[in-house]
Amino acid sequence: MGTAFITGAGIRIGQAVARALAHAGYDVALHANRSLEALSSLADELRALGRRVTVHAADLSRPEAVDALGASVREAWPALDVVVHNAGLYERVPFEDISREQYRTMLGVNLDAPFFLTQSLLPSLLAGKDPVVVHICDIAGERPESHFAHYSVSKAGLVMLTRALAVELAPRVRVNAVSPGVAAFPESFDAAAREQILRRIPMGREGSVEDVARAVVFLAKDAPYITGQVIAVDGGRSVKL
């Protein structure tokens, strides 16, 4: 079918995306930073399907690590059909308490890394078949909420990067984004806050990581005339915000 590279593939959305692409027939390059044990287990699972799998570790907050990751993936995969930028930081901090280090780290992982990884991997993408880049954004990038200023800014930048690269790289490479709402609540999430959020979702329930993964597979396989778009996978929450 093709080849795909997914950042932050060890857990949650990234893991679901990697699994969905592998089941759709793609060989995969998997990246993680902290979730290396989970990444190794996922790699074994996908190899059992008959897929070629490579594993790459890198701290995307460090520019030199981003550069090394790009070079490593480019060497292992001279042609790439899909690049999914999923790795990201998420933290709740009041605006007045956000430090310069927190701000720089947030933008470094969520925005700078996708920018420079795509730049580094462009030769492999140009060698692929109908290549596509997919950014995992967040509805917070267009509908901000309190205490997530630096996170919202990073995701807003990623939305604009989607649109800018769709224009600049066309017609050679398509660039789109998937923007989840609540893909799955963390186990530690406050029950009262959970109910408050659910009341704002027209579909009345949280989504799943598989919902997001299906949207990525659609953009990779079945959307040859779609570029520059941000697909909200949020149960209609962004409509009500």
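The values are calculated or read from the model by the stated rules, or taken from the named source; none is laboratory data. A quick note: this is a predicted structure, and the numbers were derived from the prediction, not measured. Don't worry about glycine lacking a Cβ; one is built from the backbone with ideal geometry, like all the others, and counts go over all protein chains shown. When the accessible area is computed, the model is the full protein with side chains, heavy atoms only, and any ligands, DNA or RNA have been set aside. Shrake-Rupley method; radii C 1.70, N 1.55, O 1.52, S 1.80 Å.
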If you look at just the Cα atoms of region 157-241, how large are its Rg and its Dmax in Å?
15.1, 47
Using a 1.4 Å probe over the heavy atoms of the protein chains, calculate the carbon and sulfur portion of the accessible area of the chain as a whole percent.
53 percent
Just how large is the dipole of region 101-202 about the Cα centre, in debye to the nearest 20, putting +1 at every Lys and Arg Cβ and -1 at every Asp and Glu Cβ?
320 debye
Using per-residue counts of other Cβ atoms within 10 Å, averaged over each peptide, order 4-17, 21-34 from highest down.
4-17, 21-34
On a straight-distance basis, which lysines could pair with Lys221 in a cross-link, Cα separation under 18 angstrom, same-chain partners fewer than 8 positions away excluded?
Lys129
Leaving out same-chain residues fewer than 8 places away, which aspartates and glutamates sit with a Cα under 14 Å from that of Lys240?
Glu142, Glu145
Just going by the charge dipole of the chain, with Lys and Arg at +1 and Asp and Glu at -1 on Cβ, which of Gly8, Val93, Gln196 is farthest out on the positive end?
Gln196
How big is the dipole moment of the chain about its Cα centre under a simple scheme where the beta carbon of each Lys and Arg is +1, that of each Asp and Glu is -1, and everything else is neutral? Debye, nearest 20, please.
540 debye
Sequence ranges 81-89, 168-176, 46-54, 116-124, ranked by mean other-Cβ count within 10 angstrom, highest first:
81-89, 116-124, 168-176, 46-54
Separation of the Ala79 and Glu210 label points, Cα + 7 Å toward Cβ, nm:
3.2 nm
Where does the chain land at 222 nm, in deg cm²/dmol rounded to the nearest 500, when only DSSP H runs of n ≥ 4 count, each adding -39500 (n - 2.57), divided by all residues?
-13500 deg cm²/dmol
